[in-house]
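Engineer: There's a structure below that I have some questions on.
The values are calculated or read from the model by the stated rules, or taken from the named source; none is laboratory data. Since the structure is predicted, the reported quantities are computational estimates derived from the model, not experimental observations. We place every Cβ from the backbone using ideal geometry, glycine too, and count neighbours over all the protein chains shown. For accessibility, only protein heavy atoms count, side chains too; no ligands or nucleic acids. Shrake-Rupley method; radii C 1.70, N 1.55, O 1.52, S 1.80 Å.
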Amino acid sequence: MGSFYSKLPSSKFPSFKFACPSCFLCCTVSEGDGGESHPGEVSSKNVHHVTSMQIWETMLAQASTDGKIVVANFVASWSLPCKEIMPSYCHLADTYSSSLLFLTVDADQLAELSTSWSANATPTFYFLKEGNQVEKLVGADKVELKKKTAFAADLVTKSRK
């Protein structure tokens, strides 16, 4: 991990926050990732970086148990659109964390998972309820992401009544 990273325990999920020397922002990366790479400038404790199939499955199961919809953002560390939309994604995660679970998946690191979801472009956002797709957005359209996220949060609110 090296001396450039400072490790702070996270509260709910098996992840840690690292202060990244390459972007000087915080990234939430899962334990064992080592903080060596990340999907961009993630600056929200409510965005969780998926680094393995086991973590993916655990997060989906946790969301189902909690009655939340998953917003899975398939990204690439080299993609400028992914980096540009990340602050908006983090803001949405902070706004809707009570009803939605926000994930990032590095499409290059977890190529098999990306292929299984047909995430052929980055960013691609999937909205999943109990593991099933309810909505999808391809591209870094901030306005459309905000609309689809609000719609998903509304679905959760209605299902809890």
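Engineer: What is the spin-label model distance, in nm, from Ser52 to Ser64 if the labels are put 7 Å beyond Cα along the C-beta direction?
Structural biologist: 2.0 nm
Engineer: Out of every Cα pair in segment 121-161, what percent are spaced more than 12 Å from each other? Display every interim value, and only then the final one.
Structural biologist: Numbers: 499 of 820 pairs.
Tail of P(r) above 12 Å: 61 percent of Cα pairs.
Engineer: Counting only protein heavy atoms and using a 1.4 Å probe, what share of the accessible area of segment 30-161 belongs to carbon plus sulfur, as a whole percent?
Structural biologist: Details: 3020 of 6140 Å².
Here carbon and sulfur together make up 49 percent of the probe-accessible area.
Engineer: What does the net charge come to around Leu113 if you take all other residues with beta carbon closer than 12 Å to its beta carbon, with K and R at +1 and D and E at -1? All intermediate terms of the calculation are to be shown ahead of the outcome.
Structural biologist: Values: positive: none; negative: Glu57, Asp106, Asp108, Glu112.
Here the charged neighbours net out to -4.
Engineer: On to the next question. Rounded to the nearest 20 Debye, what is the dipole magnitude of segment 65-114 about its Cα centre when Lys and Arg each give +1 and Asp and Glu each give -1 at the C-beta? Intermediate results must be reported in sequence, preceding the final value.
Structural biologist: Working: 2 positive and 6 negative charges, 26 e Å.
So the dipole magnitude of segment 65-114 works out to roughly 120 debye.
Engineer: Ignoring ligands, DNA and RNA, what accessible area per residue does segment 102-154 give at 1.4 Å, in Å²?
Structural biologist: On the way: 2610 Å² over 53 residues.
Value for segment 102-154: 49 Å² per residue.
Engineer: Over 23 Å between Cα atoms, which of Lys136/Lys161; Lys83/Lys158; Lys45/Lys83; Lys83/Lys129; Lys136/Lys158 qualify? Walk me through the numbers on the way to the answer.
Structural biologist: Values: Lys136/Lys161 25 Å; Lys83/Lys158 32 Å; Lys45/Lys83 17 Å; Lys83/Lys129 26 Å; Lys136/Lys158 20 Å.
Those over the limit are Lys136/Lys161; Lys83/Lys158; Lys83/Lys129.
Engineer: Skipping prolines and chain starts, which residues have an amide H placed within reach, meaning under 5 Å, of the one on Val134, given they are 5 or more residues away or on another chain?
Structural biologist: For Val134, whose amide H was placed from the backbone, the distant partners under 5 Å are Phe127, Leu128, Lys129.
Engineer: For segment 51-161, max minus min Cα coordinate along each principal axis, in Å, sorted largest first?
Structural biologist: 42, 31, 20
Engineer: Each residue of segment 137-142 in order: what ³J(HN,Hα) in whole Hz does its phi give by Karplus 6.51 cos²θ - 1.76 cosθ + 1.60, θ = phi - 60°, with x for Gly and Pro?
Structural biologist: 9, 10, x, 9, 8, 4
Engineer: Per-residue accessible area for Ile85 at 1.4 Å probe radius, Å² rounded to 10?
Structural biologist: Taking all protein chains as shown, Ile85 has close to 0 Å².
Engineer: Where Lys and Arg each count +1 and Asp and Glu each count -1, what net charge lies around Gly139 among other residues with Cβ under 13 Å from its Cβ?
Structural biologist: Neighbourhood net charge equals 0.
Engineer: Enumerate the amide H contacts of Val75 below 5 Å, restricted to partners 5 or more residues apart or on another chain; note that Pro and chain-start residues carry no placed amide H.
Structural biologist: Val105, Asp106, Ala107
Engineer: Return the inverse of the average 1/r over all pairs of distinct C-alpha atoms in segment 85-135, which is the Kirkwood hydrodynamic radius, in Å to one decimal.
Structural biologist: On the way: mean 1/r = 0.0828 Å⁻¹.
The answer is 12.1 Å.
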